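Below is one structure; the comments refer to it alone.
The values are calculated or read from the model by the stated rules, or taken from the named source; none is laboratory data. Nothing here was measured: the structure is a model prediction, and the numbers come from that model. FYI the Cβ positions are ideal-geometry reconstructions off the backbone, even for glycines, and counts take in every protein chain you see. Side chains included, ligands, DNA and RNA excluded: accessible areas come from the protein's heavy atoms. Shrake-Rupley method; radii C 1.70, N 1.55, O 1.52, S 1.80 Å.
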Amino acid sequence: NIPSSFADLAEKLMPSVVNISSTQTIKTTANPFPFEFPPGSPFEDMFKDFNRPTERKATELGSGFIIDEKGIVVTNNHVIQGAEDIIVSVNGSTEFKAKVIGTDPYMDLAVLQIIKTEEKFIPVSFGNSDKARIGDWVIAIGNPFGFGGTVTSGIISSINRDIGLTRYDDFIQTDASINQGNSGGPLFD
């Protein structure tokens with residue numbers, strides 16, 4: 001059956017989907033010349049001052065979802081990898097600092113803990129992907145820029161996909177649109 005609307009489901013789930021903003025310092029050596037002098041060249045010493053290390057702040061944006069009322073969040077590892085500061089935005093407005101409590105770069109997964117006072121969060125639970133069938137309806141929810149969630153719908157196009165990305169390939173393929181900044185966001189049946 002084609003659902004008449006995903007609105008009730010989206011309204012229920014959106015408070016559990018968060019925006020994640022992480023910052024890190026990128027250190028590079030800037031070389032203003034389109035070439036390098038060979039080692040031992042008399043020009044090497046003359047121009048060494050031009051190869052100064054530089055630093056800049058880089059921000060990564062993504063999504064995640066709350067799996068425990070105490071503020072445990074699951075996201076993609078690449079969203080927070082190398083992060084010095086992590087901010088989790090809940091309901092598009094309230095921001096909390098978070099810390100990494102676990103990562104698996106091979107699975108591209110990360111688990112965060114929101115550092116907070118006594119607030120209780122609305123968790124979602126993991127489904128059983130073994131029950132997923134090609135043709136089942138799904139919705140993807142993301143919170144890409146912290147302004148509130150985005151919802152897209154589609155069907156499961158394929159299961160058990162091996163795309164050579166990790167040593168644990170077993171992906172669910174969907175035709176639900178994935179918006180920019182949705183990395184780490186959930187797929188719901």
Filter result (β-branched (Val, Ile, Thr) and farther than 14 Å from VAL90 by Cβ) within the stretch 137-157: VAL138, ILE139, THR150, VAL151, THR152, ILE155, ILE156
Residue ID - surrounded by the most Cβ atoms within 10 Å (Cβ to Cβ), chosen from residues in the stretch 65-107 that are polar (S, T, N, Q) and either in contact (Cβ under 8 Å) with a residue 40 or more places away in the chain or not in a strand (DSSP E or B) (or both): THR75
Those residues of the stretch 9-36 which are more than 21 Å from LEU61 (Cα to Cα) and either modelled with pLDDT under 75 or in a strand (DSSP E or B) (or both), in sequence order: THR28, THR29, ALA30, ASN31, PRO32, PHE33, PRO34, PHE35, GLU36
Residues of the stretch 100-136 satisfying the condition of being more than 23 Å from VAL90 (Cβ to Cβ) and in contact with a Ser or Thr (Cβ under 7 Å, 6 or more places away or on another chain): TYR106, MET107, ILE134
Residue within the stretch 108-119 that is touching a helix residue (DSSP H, G or I) at 6+ places or on another chain (Cβ under 8 Å), assigned to a loop (DSSP other than H, G, I, E, B) and either over 16 Å from ASN19 (Cα atoms) or open to solvent by less than 90 Å² (accessible area, probe 1.4 Å) (or both) present: yes
Matching residues in the stretch 163-184 - criterion: being on the phi < 0 side of the Ramachandran plot, at pLDDT 80 or above and open to solvent by less than 30 Å² (accessible area, probe 1.4 Å): ALA176, ASN182
Tally, over the stretch 141-162, of residues that are at negative phi, under 19 Å from the mean Cα position of the chain (by Cα) and at pLDDT below 90: 7
Residue among ILE134, ILE122, ILE87 that alone is in contact with a Lys or Arg (Cβ under 8 Å, 6 or more places away or on another chain) and not hydroxyl-bearing (Ser, Thr, Tyr): ILE87
